[in-house]
Amino acid sequence: MIRSTLLKLSESKPFAHWVTSNRTTRRMSHRFVAGEELDEAIAAARVCNHHGMLVSLDYLGENVATTADAQRARDAYLEVFDRIAAEKLDANVSCKLTQLGLDISSEFCEGQVLSIVERAANYDNFLRVDMEGSLYTERTIDVVKRVRSQNPAIGTVIQSYLYRSEQDVQDLLEYGCRMRLCKGAYKEPPEVAFPNKQDVDANYVKLMKLLLPSGIYHGIATHDPKMIAATIRCAAEKKVSKDEFEFQMLYGVRTDLQRRLVREGFRVRIYIPYGRDWFPYFMRRLAERPANVGFLVRNFFR
């Protein structure tokens, strides 16, 4: 119930205005978002690298309505790759296709993505295309496939709460595509997604067991100790070495667990978002962690 309410509020413009203009909630957002400027994200990435962790930088933004806004987002991503190289960071980049014009035209968006992937490849780097709500899943996978046929420096994300994900994994493995496996953070109808957590978890483990021994380098994105333990067991059983996959975790979530896995010799990548359009991302993180809701509600009614 709380999760559904928060996800619904993430679509409210009046609530978004209150959250983004309130000093307390802006400060609270820094738990999950490195800041509004690239320099702040670069500084956070440097700290993660210092602690032995890899990074994926994400310039926040979704559902742009004009080609000019989409091109500005593309230029921002090109700059991120330039800065990663200049700063000699161990980092790649994540993006959302609706930020790059998917709502405008798949063909236009594909051209945008290809230009970013080419910049990534020039630096021997990599672009990860994030998955959004299920209305975009098919189009996102199609764009990734078409771009990957021209340049392999691109991968995508699979959400275990979707019924379709097993077929998508098998399909993308045939393309040799790198994937990040996560559970999924959007509100989806029961017609397309498992409504019960235990089913989402069971599918997560099932998909992980397809990905891990595939011979392709994948990201296992979770903070769930049970999913982490299942992954470690599978890697041992299938003789998948610690440098053949990585765990991925969110900035500001379970730092203790992140550092423990690094000490145990696992590769850990931290997803570091930044930018002024942080409200939808912030609300999805709150929905995943209801313990933070009390803080938000107390400040809302002051």
Exercise. Within segment 172-196, can you find the residues that are touching a helix residue (DSSP H, G or I) at 6+ places or on another chain (Cβ under 8 Å) and of a type in the set (Asp, Glu)?
Worked result: GLU188
For this session: Go through (1) under 22 Å from CYS177 (Cβ atoms); (2) in contact with a His (Cβ under 7 Å, 6 or more places away or on another chain) one by one and return the number of the condition ARG254 breaks.
Result: (1)
For this session: Could you check segment 200-289 for helices (runs of 4 or more DSSP H) lying wholly inside it with 1 or more residues that are surrounded by 18 or more Cβ atoms within 10 Å (Cβ to Cβ) and modelled with pLDDT under 95?
Result: 279-288
For this session: Report, by residue number, each residue of segment 52-66 that is among the aliphatic types (A, V, I, L, M), closer than 25 Å to ILE141 by Cβ and assigned to a loop (DSSP other than H, G, I, E, B).
Result: LEU60, VAL64, ALA65
For this session: Would you confirm whether any residue within segment 61-77 is at pLDDT below 95, among the charged types (D, E, K, R) and either surrounded by fewer than 20 Cβ atoms within 10 Å (Cβ to Cβ) or within 30 Å of GLY265 (Cα to Cα) (or both)?
Result: yes
For this session: Return the residue satisfying two criteria in turn: it lies in segment 166-199 and is within 16 Å of LYS226 (Cα to Cα) and within 19 Å of the chain's Cα centre (by Cα), and of such residues it is surrounded by the fewest Cβ atoms within 10 Å (Cβ to Cβ).
Result: LYS183
Problem set entry | Residues (surrounded by 17 or more Cβ atoms within 10 Å (Cβ to Cβ) and aliphatic (A, V, I, L, M)) located in segment 132-147 | ILE141, VAL143, VAL144, VAL147
Exercise. Taking TYR163, is it among the aromatic types (Phe, Trp, Tyr), surrounded by fewer than 16 Cβ atoms within 10 Å (Cβ to Cβ) and at pLDDT 95 or above?
Worked result: yes
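The values are calculated or read from the model by the stated rules, or taken from the named source; none is laboratory data. These numbers were taken from a predicted model, which means no experiment stands behind them. Please note: Cβ atoms are built from the backbone with ideal geometry, for glycine as well, and neighbour counts cover all protein chains shown.
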